[in-house]
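Remarks on the structure that follows.
The values are calculated or read from the model by the stated rules, or taken from the named source; none is laboratory data. Owing to the predicted nature of the structure, the values given are computational and were not obtained by experimental measurement. Methodologically, a virtual Cβ is constructed for each residue, glycine included, from the backbone with ideal geometry; neighbour enumeration extends over all protein chains shown.
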Amino acid sequence: MVRGSDRGEPEAASASGPGDAEVGGEGCIAMMDPGRFPDWDERLPEGPHRSVFHTQAWARVLKEAYGYTPCYLVLDQERTRRAVLPLMEVRSWITGVRGVALPFSDECPILDTSDLAGPALTGQALELGRARGWRHVEFRGGRRPDPDARPYATYVRHELALASEEGAMEEAMRPALRRAVRKAERSGVRVSFSSRPEDMDCYYGLHCRTRQRQGLPPQPRRFFRLISKHLMGNGLAEVGLAWHDGSPVSGAVFFRMGGLVHYKFGANDLKWQELRPSSLLMASAIKRFANSGCKVFSLGRTDAGHEGLRQFKRSFGAKEWPLEYYRLDVRTGQCVVGSSGQDNRSWRMFRWLPLWGGRLVGRIGYRHLG
């Protein structure tokens, strides 16, 4: 396999795996761990899809929280980084051994300045998977691996073009949403944003209760503390909280890189739902990021069948697009066909667990789900 040295330079391939693949003249694909490269983020290829999910900080969160192995494939040409395929190796005795680009990342497409390196990187990922015993390689978002590829799962994503002009974002909102925002304000709901670890802990309490209500185990506390350490500590994330009578009633975690913002996590105290705190929180976040120079606000992945959530996201003026995941069998290179999206009915039993029980299940189980 292709290895990365401690000095941050790719080494020659070993005999046990795929060698460096030449692509166009002096171009060469190598496997790297972003954590070993101090200048990783600075060398990421430019483009509209470059996000926090491609950064060194996010790679460290996934590696330290779940023990995944970074196997990022990079194409360097004439001392310039032309393309990057982020990959994590997930080794699980429950769900198998596979490569994912990337676990717990709604959308993490190949970064390619030329739009020509995708096939070469995909082929190298399959070769790497065969050498390391993967069952398949999963791609999340971006171009199809080939024109005839069939998705393993299909979701929807929502994006909102941000404008800094006063009142422009409010005008894009549907009337019902504007009324909800005014109701929250009249009810005394207030919103704060911060990068403080204690606010992440505050959000996590809301997160656990929301997951319990949904019948889903929460992600481990360690995962969110690593987000606080690596992302919030480097200006790549912040927490928004809506407060009423001194208590948090709604929360969200936002990732930001350059002009692109991702709404990554959200949680609410159902007892205060009638005050519409989540509407005010999201509207405040959109205004905040628009005024700070961001251009695109991504409202994240949604199951195609979750019409209520889709309607909520569209009410901000966001446009809806299909989001397709592809799995390629490493032996045949053919697509593995799956479902139209996640089906969480099998998780419903977890709503009857106490909070500590759900957190225990999440701490044990999430590393197998990436």
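Within the stretch 153-189, the residues that satisfy the criterion of being surrounded by fewer than 19 Cβ atoms within 10 Å (Cβ to Cβ), more than 25 Å from CYS294 (Cα to Cα) and touching a residue at least 40 places away in the same chain (Cβ under 8 Å) are THR154, ALA176, LYS183, SER187, GLY188. Residues in the stretch 33-57 that are assigned to a helix (DSSP H, G or I), of a type in the set (A, V, I, L, M) and touching a strand residue (DSSP E or B) at 6+ places or on another chain (Cβ under 7 Å): 1 in all. Of the residues in the stretch 274-288, not one is assigned to a loop (DSSP other than H, G, I, E, B) and free of Cβ contacts under 8 Å to residues at least 40 places away in the same chain. Identification of strands (runs of 3 or more DSSP E) wholly contained in the stretch 58-156 with 3 or more residues that are modelled with pLDDT under 95, out of contact with any His (no Cβ under 6 Å at 6 or more places or on another chain) and farther than 26 Å from THR302 by Cα yields 72-77, 80-85. Within the option set ARG327, ARG310, being part of a helix (DSSP H, G or I) and either touching a residue at least 24 places away in the same chain (Cβ under 8 Å) or acidic (Asp, Glu) (or both) holds for one residue only, ARG310. Give the residues of the stretch 289-305 that are free of Cβ contacts under 8 Å to residues at least 24 places away in the same chain and surrounded by 20 or more Cβ atoms within 10 Å (Cβ to Cβ), sorted by residue number. Those that are free of Cβ contacts under 8 Å to residues at least 24 places away in the same chain and surrounded by 20 or more Cβ atoms within 10 Å (Cβ to Cβ): none in the stretch 289-305. Which of the residues that make up the stretch 293-317 are touching a Gly at 6+ places or on another chain (Cβ under 9 Å) and within 13 Å of SER279 (Cβ to Cβ)? If the condition is that a residue be touching a Gly at 6+ places or on another chain (Cβ under 9 Å) and within 13 Å of SER279 (Cβ to Cβ), then LYS313 is the only one that fits.
Entry remark, the stretch 319-349: residues being farther than 25 Å from ARG91 by Cα and either hydrophobic (A, V, I, L, M, F, W, C) or at pLDDT 75 or above (or both) number 6 in total. Within the stretch 127-148, the set of residues being surrounded by 16 or more Cβ atoms within 10 Å (Cβ to Cβ) and closer than 19 Å to ALA83 by Cβ comprises GLU127, LEU128, GLY129, VAL137, GLU138, PHE139, ARG140, GLY141, GLY142, ARG143, PRO145.
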